[in-house]
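For reference, the structure is listed below as structure tokens.
The values are calculated or read from the model by the stated rules, or taken from the named source; none is laboratory data. The shown structure was predicted, so the numbers you read here are calculated from the model rather than taken from an experiment. Cβ placement follows ideal geometry from the backbone for every residue including glycine, while neighbour counts extend to all protein chains displayed. Protein only, heavy atoms only, side chains kept; ligands, DNA and RNA dropped before computing areas. Shrake-Rupley method; radii C 1.70, N 1.55, O 1.52, S 1.80 Å.
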Amino acid sequence: MNKLLLMSLLAQIGIITLLSQATPIADPKPSPPFIKRAPAKATWIMTVKYKPNPNPAPSPSPSKDSERLPPPEPQKLLARSLVTKYDSTIQDVRIYTDGSKSENWVLGGMLLRQHPQKGYVGITNPRIISSAPRYDLVDFENLAWIDLAHYVKTEDRDGVRCHLYLWTQRMPSASDMLKIKDRYQLEAITYAFENKPEVPTKAWIMEESRLPLAIEDENAVYTFKFEAPPEKAPSMPQGFIDLWNEYQNEQKSIRARAMPIQR
């Protein structure tokens, strides 16, 4: 009897072992935060590698006198960004494929952007302009969409364990619209739709640090490399300082006009 009982138990153990081997282990979903802000003092380089153009521009046609037209000027594209974060200030030095440079600065979530061709500086408030990069939420341009709803799986990339997220374009659903209770929620849904690309965008967020390792869209692959933190704050050019002071004064004036009159 004991021998039969032992054989029965061994058989049950064998069946359980086979079932456990046949059943794949579920990929545990990440817990928040899904993406973190960079440390208070940080430096990173974002390098851009462009994909081959599937529809290259045709060569210039010969003119009437059989002389070829001059070739078109090479397209000016972003090659890499050298980013320095010092407390709540971010400096983004952008280097382009033609060797030229421009600068962007982020102060308190506000983007001060230098036009790469014309050189003028403008300021963008992401709380007002829904399509603006949400630096008030994350330190990395256009990665505020990273959340559990876009999580795909955990995998290795370049020897680093990462969470893979996928972003595809879709219209806001009826349930999305029913959830809107104020203009801020409307702006959030509008921003999410307007910034979704035509084709899927992939983002690899490092599992341990929750910082980006790479992004891939229809045009290029963007890789991030984090360097030693800065020893001192970067120096802001005078044009950016003047614009920021002007904006601050305007905001003070607006708040003063909105204050109720004391009687």
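The table for this structure:
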| read-out | value |
| --- | --- |
| Filter on 51/85; 36/225; 41/225; 36/153; 51/225; 36/202 - keep pairs with C-alpha separation over 22 Å | 51/85 |
| In Å², nearest 10: area of residue 166 left accessible to a 1.4 Å probe | 60 |
| Where labels lie 7 Å past Cα in the beta-carbon direction, separation of residue 251 and residue 40 in nm | 2.1 |
| In order through region 79-90: 3J(HN,Hα) via Karplus (6.51 cos²θ - 1.76 cosθ + 1.60), integer Hz, x for Gly, Pro | 9, 6, 10, 10, 10, 10, 10, 9, 6, 9, 10, 10 |
| Heavy atoms of residue 146: accessible area, 1.4 Å probe, square angstrom to 10 | 10 |
| Counted charge near residue 137, where neighbours are those whose Cβ lies closer than 12 Å (Asp, Glu -1; Lys, Arg +1) | 0 |
| Cα gyration tensor shape of region 91-169, rounded if a/c is under 1.5, else prolate or oblate by comparing a/b with b/c | oblate |
